[in-house]
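A.B. asks: Pasting in a structure now, in structure tokens, and then I'll have a few things to ask.
Nothing in this text is a laboratory measurement; each read-out follows from the coordinates by a stated rule. Computed from a prediction, not measured in an experiment: that's the story for all the values here. So basically every Cβ, Gly included, is an ideal-geometry build from the backbone, and we count neighbours across all protein chains shown.
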Amino acid sequence: MVMKIYYYEAGAWSQALELAIAETGYDEDEVEWERVNLRSGANFDPKYLKLNPLGLIPICEVDGKIVRDSVNVAKEILQRAPGGAGELSAEHAKLIEQVHDASRDPKLFGLYPFDAADREEKASGEVFQFIKGRQTALEKYPAEAPELAEFYKGKLEDNTVLYDFYQGKLDAAGEDKVFAQGKAVWASAGELVHGPLTAALKTASPFLAGDKPGEADYHVIVWLARAISLSGTEQGQPADVGLPNLHKRIGGPEIDPAVAKYWETWRERESFTENEVW
Ligand SMILES: N[C@@H](CCC(=O)N[C@@H](CS)C(=O)NCC(=O)O)C(=O)O
């Protein structure tokens, strides 16, 4: 039975699934990848909202059912994999929840500014174009699906704040609020990195699941990669380049060497380089 995965190549949680598929011995013809272009707001198309009313990717369709959320889709992938799902300890199950916590959602690192310099960079680059594409979609689709008016209204309100912010159209209080949100995301990232992530990685050997990656590893590494990249690090850079950048964003004590070791283990892994995880 072919598994159809709705994904977007730049989506962090889509990349977790790409890693899980690559690591567990699926044949190419067992998986069909259906791209949902987040940059043009295709996740807000009423046709897609029928599949996932939350308007989020990734999801998968298999055996006539739809599985939503990367945590559930990864479980589905692993259960069907030739080698089975493997063990997931209670600590690692908790860690998956912690990297998925809404307060440190990787898309927020991308969308919210860390400081004034970061704002300038985002305003003149891909981030603003992404926000603009969503804005256009959110203004267009409500006419096609009036029954979804409430959903679109909430999404449009949230996106408009950022759309206006990056064009300098908010008042001082509005600007302060957006900057405060940006700071809060990195503070929450710091709690994770210095706390549960470090604690778990100290016993990784070299992966959380042992000599090969397992369920928790796929979620943890894409989150970490996104945090490192979006703190100003080019894709594929070593720990001694990426972690100081991350440290500037999250503050607190030095980042534990266990994090660097884990990063280096993944950085050289074929699944990681071939899927261009960032
Ligand atoms: N908890 C969900 C989060 C999914 C999520 O936020 N996906 C992002 C891309 S990585 C998305 O669909 N963003 C579109 C949007 O927020 O409008 C999961 O793990 O699947």
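A.B. asks: Sort 209-222, 152-165, 226-239 by the packing proxy (mean of other Cβ within 10 Å over each peptide's residues), most packed first. Write out the running numbers ahead of the final one.
C.D. replies: Values: 209-222: 22.0, 152-165: 17.6, 226-239: 19.1.
Highest-to-lowest ranking by the protection proxy: 209-222, 226-239, 152-165.
A.B. asks: Compute the signed sum of charges (Lys and Arg +1, Asp and Glu -1) over the other residues within less than 14 Å, Cβ to Cβ, of residue 109. Kindly include the intermediate steps, with their values, before the conclusion.
C.D. replies: Working: positive: 104, 107, 119, 122, 183, 226, 248, 249; negative: 101, 105, 115, 118, 121, 126.
Here the count lands on +2.
A.B. asks: What span do the alpha-carbon atoms of the range 193-253 cover on each of the three principal axes, reported in whole Å from largest to smallest?
C.D. replies: Its Cα atoms span 30, 24, 17 Å along the three principal axes.
A.B. asks: Compute the relative contact order of the range 126-209 as a whole-number percentage, counting only Cα pairs closer than 8 Å that sit 6 or more residues apart in sequence.
C.D. replies: The value is 22 percent.
A.B. asks: Measuring from centroid to centroid over Cα atoms, what is the spacing of the range 207-270 and the range 24-99 in Å?
C.D. replies: 22
A.B. asks: Expressed in nm², what is the orientationally averaged projection area of the convex hull enclosing the Cα positions of the chain? If you can, show how the numbers build up before the last one.
C.D. replies: On the way: hull surface 59.1 nm².
Projected area, direction-averaged: 14.8 nm².
A.B. asks: Let me ask something else about it. Provide the per-residue ³J(HN,Hα) series for the range 105-115, in order, calculated from phi with Karplus coefficients 6.51, -1.76, 1.60 and θ = phi - 60°, each as a whole number of Hz, with x at glycine and proline positions.
C.D. replies: Each residue of the range 105-115 in turn: 4, x, 5, 6, 4, x, 8, 9, x, 7, 7 Hz.
A.B. asks: Okay, moving on. At a Förster distance of 35 Å, what's the computed FRET efficiency of residue 202 paired with residue 54, Cβ-Cβ distance as r, to 0.05? Please list the in-between numbers first.
C.D. replies: Details: r = 35 Å, r/R0 = 1.00.
Approximately 0.50, to the nearest 0.05.
A.B. asks: Return one quarter of the surface area of the convex hull spanned by the alpha-carbon atoms of the range 3-80, equal to its mean projected area, in nm². All intermediate terms of the calculation are to be shown ahead of the outcome.
C.D. replies: Numbers: hull surface 19.3 nm².
Answer in nm², one decimal: 4.8.
A.B. asks: Taking 0.36 nm per residue of separation and subtracting the Cα-Cα distance, what length does fully extending residue 79 through residue 258 add?
C.D. replies: On the way: separation 179, 0.36 × 179 = 64.44 nm, distance 2.91 nm.
Length difference between fully extended and current span is 61.5 nm.
A.B. asks: Still on this structure, please answer the following. Could you go through the range 142-157 in sequence order and give the Karplus-derived ³J(HN,Hα) for each residue, using 6.51 cos²θ - 1.76 cosθ + 1.60 with θ = phi - 60°, rounded to whole Hz, and x for Gly and Pro?
C.D. replies: For the range 142-157, the Karplus curve yields x, 5, 7, 8, x, 5, 9, 3, 4, 4, 5, 4, x, 5, 5, 4 Hz.
A.B. asks: Provide the percentage of antiparallel DSSP beta bridges, counting only those with both residues in the chain; round to the nearest 5. Please report the intermediate quantities before stating the final value.
C.D. replies: Values: 8 of 13 bridges.
That works out to approximately 60 percent antiparallel.
A.B. asks: Can you check how the C-alpha radius of gyration of the range 79-189 compares to 2.2 N^0.38 Å, as a plain ratio? Walk me through the numbers before you get to the answer.
C.D. replies: On the way: Rg = 18.2 Å, N = 111, 2.2 N^0.38 = 13.2 Å.
In units of the 2.2 N^0.38 Å rule of thumb, it is 1.38.
A.B. asks: Rounded to the nearest 500, what is the chain's calculated 222 nm mean residue ellipticity when only DSSP H runs of at least 4 contribute -39500 (n - 2.57) each, over all residues?
C.D. replies: Numbers: 14 runs with 153 residues, N = 278.
Mean residue ellipticity at 222 nm (helix-derived): -16500 deg cm²/dmol.
A.B. asks: Related question: Mind checking the full-extension length gain between residue 143 and residue 63? Use 0.36 nm per residue of separation minus the Cα-Cα distance, one decimal, nm. Before the final figure, lay out each step's value.
C.D. replies: Working: separation 80, 0.36 × 80 = 28.80 nm, distance 3.30 nm.
25.5 nm is the gain from fully extending residue 143 to residue 63.
A.B. asks: Something else about it: What does the charge dipole of the chain about its Cα centre add up to, to the nearest 20 debye, if the Cβ of each Lys and Arg holds +1 and the Cβ of each Asp and Glu holds -1?
C.D. replies: Details: 30 positive and 47 negative charges, 130 e Å.
So the dipole magnitude of the chain works out to roughly 620 debye.
A.B. asks: How far apart, in nm, are two points set 7 Å out from the Cα along the Cα-to-Cβ line at residue 89 and at residue 191?
C.D. replies: A separation of 2.3 nm, rounded to one decimal place.
A.B. asks: Something else about it: Only Lys, Arg, Asp and Glu count, each charged at its Cβ (+1, +1, -1, -1), so figure out the dipole size of the range 3-80 about its Cα centre, rounded to 20 debye. Before the final figure, lay out the partial values.
C.D. replies: Working: 9 positive and 14 negative charges, 100 e Å.
Here the range 3-80 has a charge dipole of around 480 debye.
A.B. asks: Check residue 31: other-chain or 5+ apart residues with amide H under 5 Å from its amide H, H built from backbone geometry?
C.D. replies: Amide H neighbours of residue 31, under 5 Å, 5+ apart: 3.
A.B. asks: Compute the relative contact order of the range 3-80 as a whole-number percentage, counting only Cα pairs closer than 8 Å that sit 6 or more residues apart in sequence. Intermediate results must be reported in sequence, preceding the final value.
C.D. replies: On the way: 100 pairs, mean separation 30.8, N = 78.
About 40 percent, as a whole number.
A.B. asks: Work out from phi, with θ = phi - 60° and the Karplus expression 6.51 cos²θ - 1.76 cosθ + 1.60, the ³J(HN,Hα) of each residue of the range 204-210, listed in order in whole Hz, and give x for Gly and Pro.
C.D. replies: Result, rounded to whole Hz: 6, 9, x, 8, 4, 7, x.
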